[in-house]
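Data block below; observations after.
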Amino acid sequence: MKLSGAKILCESLLKEGVEVMFGFPGGALLPFYDALPEYPRLRHILVRHEQGAAHAADGYARVSGKVGVCVATSGPGATNLVTGIAAAYLDSSPMIAITGQVARPFIGKDAFQEIDITGITLPITKHNYMVMGAADMATVVQEAFHIASTGRPGPVLIDVPRDVFIEEAEFRYPDRVILRGYKPTFHGHPTQMKKAAKLINEARRPLIIAGRGVLISGASVELRELA
């Protein structure tokens, strides 16, 4: 089934269980917003500033435990997301930031509202992508959600040139994620855990300083039992 890049993005978001997103439209994103009414299950909340979209997605992720999604156009729209993306990165909130970009032929030519948002956000994201073809959209979305929500959660940015939203390709959502270089650790190291237990047992006045990792891992009950 051939779909536009914008519709492939919408279909992929539904596959990942997205119910709500926060965004502010702009020129590079118009093909995506044109497709959005065909997907009523994707609730879009219009913000008054892109920074609000990023913070709202961060807050949604913290409260719901799901991946938050925010959307902004190219140039200043994308850069307005930066503070919210940084907050999500520092506080380990799973977030997907989708940004519009100038059309592929104009990338690197100082086009109107062109900005290297992947370069800007490199230090404050777990990973980021620029989708260079509609055929890559579904795979990129699946990988982005996997990276954002596994291991230590955090934001992933997906930058999409305007003409990729319009370009058509076959839509096939991958059966599974294959990321050879990404294997997050889910279990504690036995030796380190024994060392920590020994230090706690030998402490005269032990003090627990618990962070957000306790909530992320669902270990509140275990922490209370330890205390």
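Read the figures in this text as sums done on the coordinates, not as results from a lab. This one's a predicted model, so the numbers in the text were calculated from it and none came from an experiment. All Cβ positions, glycine included, derive from the backbone under ideal geometry; neighbour counts span all protein chains shown.
What the table shows:
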read-out	value
Cut-off under 5 Å, modelled amide H: who pairs with Val20 long-range	Arg43
Which of Gly84, Pro174, Pro184, positive extreme of dipole for the chain (C-beta unit charges)	Pro184
Partners for Lys126 among aspartates and glutamates (Cα-Cα distance below 16 Å; same-chain residues under 8 apart left out)	Asp58, Asp91, Glu143, Asp159
On Cα atoms only, tilt of 137-149 relative to the major axis of the chain in degrees	20
Hits among lysines - C-alpha to C-alpha of Lys109 under 26 Å, sequence gap 8 or more where chains match	none
Positive-end extreme of charge dipole, the stretch 131-227 - chosen from Ser220, Ala138, Ile209 (charges on Cβ)	Ile209
Top of Ile209, Ile158, Ile124 by mean-square fluctuation, Gaussian network on the chain, Cα under 10 Å	Ile209
Charge dipole of the chain about the Cα centre (unit charges at C-beta), most positive-ward option of Ala56, Gly26, Ile45	Ala56
0 to 90° range, to nearest 10: angle between helix 50-64 axis and the chain longest Cα axis	40
Whole-Hz ³J(HN,Hα) from phi, Karplus 6.51 cos²θ - 1.76 cosθ + 1.60, for the stretch 31-48, glycine and proline x	x, 5, 5, 5, 7, 4, x, 7, 10, x, 6, 8, 7, 9, 9, 7, 9, 9
Highest-fluctuation residue, Ala103, Ala88, Ala144 considered, GNM on the chain with Cα pairs under 10 Å	Ala103
Compactness of the stretch 2-170 as Cα Rg over 2.2 N^0.38 Å, two decimals	0.91
Only Lys, Arg (+1) and Asp, Glu (-1) charged, at Cβ; the stretch 97-148 dipole about Cα centre in debye	40
Ala197-Met1 FRET efficiency (beta carbon distance; Förster radius 45 Å; 0.05 resolution)	0.25
Simple Cβ-charge dipole of the stretch 2-170, Lys/Arg +1 and Asp/Glu -1, about Cα centre, in debye nearest 20	400
